[in-house]
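The values are calculated or read from the model by the stated rules, or taken from the named source; none is laboratory data. Keep in mind that this is a model prediction, so the values were computed, not measured. Heads up, the Cβs are rebuilt from the backbone with ideal geometry, glycines too, and the neighbour counts pull from every protein chain shown. The area values use the complete protein model at the heavy-atom level, side chains included, leaving out ligands, DNA and RNA. Shrake-Rupley method; radii C 1.70, N 1.55, O 1.52, S 1.80 Å.
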Amino acid sequence: MKMKLLFIISDNEKKIVKVINKFKLPFNTLTHATGTASKSMLDFFGLDETEKYISMSLIPNYMENGIFDKLNEYMKLREVGNGIAFSVPLSSASKYINDTFIKEGEIMEDEKVERKYELLVSIVADGYAEKVMSAAKKCGANGGTLIKGRELGGKNSFKFFNMTMEPERDIVLIVCPKKDKNKIMETILQKVGLKTEGRGMCFSLPIDTTLGLSDDR
């Protein structure tokens with residue numbers, strides 16, 4: 001059975017949890033994040049960093065439509081400013097996960113999806129998220145979400161490709177049209193790639209279903 005990773009990005013933690021509880025999803029992760037409005041813009045309007053929450057849940061194909069319907073009902077994601085949701089297909093899942101969702105003898109047909117969006121994941125040195133977004137917006141990206149991370153393997157700086165890298169990392173998630181993916185990734189890596197002070201890398205994942213993007217409204 002095909003599985004997907006459902007992302008929900010919003011500033012309303014309670015409504016995210018409500019959807020997860022409604023469908024009794026057994027495999028979930030909820031973490032704090034930050035909107036990627038530039039610091040200069042936030043300072044101009046006297047605002048603090050925009051707090052966000054990111055939920056990641058494993059879901060089977062057959063539950064996807066029902067979950068997205070409830071997401072729109074509970075969270076009004078088709079209205080500007082309430083957040084976004086999207087699903088990323090997975091190539092495989094453990095037997096335990098499959099058995100959690102499927103009844104014995106039940107067969108789920110595969111689906112054909114025309115994908116219009118991609119999820120870009122940029123991992124850069126601490127403090128370089130704004131440069132990632134600046135580069136992406138020059139190519140048409142509308143916005144992104146920042147997660148603070150840390151490299152595994154020790155508290156001190158370490159060597160990677162003969163370069164010293166600090167353990168603190170910025171992880172920037174950007175949903176963009178598939179046709180713009182290569183141009184945005186190339187521009188990001190020119191500004192904050194491995195050979196720059198940003199020491200960054202970038203990769204993309206396909207997106208099946210979206211809610212809250214301009215095409216969904």
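Do you know which residues across the range 179-203 are open to solvent by less than 40 Å² (accessible area, probe 1.4 Å) and either over 12 Å from residue 135 (Cα atoms) or not polar (S, T, N, Q) (or both)?
180, 184, 185, 188, 192, 193, 196, 198, 200, 202
Somewhere in the range 107-116, is a residue open to solvent by less than 20 Å² (accessible area, probe 1.4 Å), at pLDDT below 95, closer than 23 Å to residue 215 by Cβ and of a type in the set (A, V, I, L, M, F, W, C)?
No.
Count, please, the residues in the range 180-213 that happen to be touching a residue at least 40 places away in the same chain (Cβ under 8 Å), among the aliphatic types (A, V, I, L, M), out of contact with any helix residue (DSSP H, G or I) (no Cβ under 6 Å at 6 or more places or on another chain) and within 25 Å of residue 127 (Cβ to Cβ).
So the count comes out to 3.
Pull up the range 117-168, narrow it to residues that are in a strand (DSSP E or B) and open to solvent by 90 Å² or more (accessible area, probe 1.4 Å), then point me to the one that is modelled with the highest pLDDT.
Among residues in the range 117-168 that are in a strand (DSSP E or B) and open to solvent by 90 Å² or more (accessible area, probe 1.4 Å), the one modelled with the highest pLDDT is 148.
Please specify each residue of the range 137-147 satisfying the condition of being of a type outside the set (S, T, N, Q) and in contact (Cβ under 8 Å) with a residue 24 or more places away in the chain.
138, 139, 140, 141, 143, 144, 146, 147
Pick out the one residue from 48, 69 that is at pLDDT 90 or above and either more than 26 Å from residue 189 (Cα to Cα) or loosely packed, with under 11 Cβ neighbours inside 10 Å (or both). It would help to see each step written out before you state the result.
On the way: 48 fails: at pLDDT 90 or above.
69 is the lone residue from the list that is at pLDDT 90 or above and either more than 26 Å from residue 189 (Cα to Cα) or loosely packed, with under 11 Cβ neighbours inside 10 Å (or both).
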